[in-house]
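Colleague: Sharing a structure, written as structure tokens. Questions coming.
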Amino acid sequence: MQAFSDLANICTNLEVTVADSWSPQGWNFFFRRHLNDWEVGRFVELLQMIDGFKGTTVEDDTFRWKHDKDGKFSVGRIIGKRYPGCLRTK
């Protein structure tokens with residue numbers, strides 16, 4: 001079940017995703033009609049929920065290895081993580 005199905009039902013594009021609604025200028029939601037008073041409150045709830053969404057940048061996605069401070073993967077790092085003390089460090 002969709003969390004905001006009431007708002008989704010009045011979107012101009014029923015297939016739109018939250019990611020599609022983001023641009024570097026901000027959020028772009030398009031509805032087929034003006035929102036009713038109670039729908040404005042729901043829209044505010046939606047905006048508050050997605051306000052802290054970290055995926056809204058214009059940069060390309062990248063993979064990061066969380067066990068390395070630089071985010072770079074290496075075989076030595078994974079062995080060191082799995083078997084601490086197994087590898088010598090310089």
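The values are calculated or read from the model by the stated rules, or taken from the named source; none is laboratory data. This is a predicted model, so every value here is computed, not measured. In this analysis, Cβ positions are derived from the backbone assuming ideal geometry, glycine residues included, and neighbour counts consider all displayed protein chains.
Colleague: Among the residues of segment 41-54, how many are surrounded by 11 or more Cβ atoms within 10 Å (Cβ to Cβ) and basic (Lys, Arg)?
Modeller: Qualifying residue count, segment 41-54: 1.
Colleague: Given the structure, is VAL16 assigned to a loop (DSSP other than H, G, I, E, B), modelled with pLDDT of 75 or more and not polar (S, T, N, Q)?
Modeller: yes
Colleague: Can you name every residue in segment 2-13 that is in a loop (DSSP other than H, G, I, E, B) and surrounded by fewer than 14 Cβ atoms within 10 Å (Cβ to Cβ)?
Modeller: GLN2, ALA3, ASN9, THR12, ASN13
Colleague: Here's a follow-up. Within segment 21-40, take every residue that is surrounded by 11 or more Cβ atoms within 10 Å (Cβ to Cβ) and within 17 Å of the chain's Cα centre (by Cα) and give me the one that is farthest from GLY52 (Cα to Cα).
Modeller: PHE29
Colleague: List the pairs whose first member sits in segment 1-28 and is more than 19 Å from VAL44 (Cβ to Cβ), whose second member is assigned to a helix (DSSP H, G or I) and of a type in the set (A, V, I, L, M), and whose Cβ atoms are under 8 Å apart, counting only residues at least 6 apart or on separate chains?
Modeller: LEU14/ALA8
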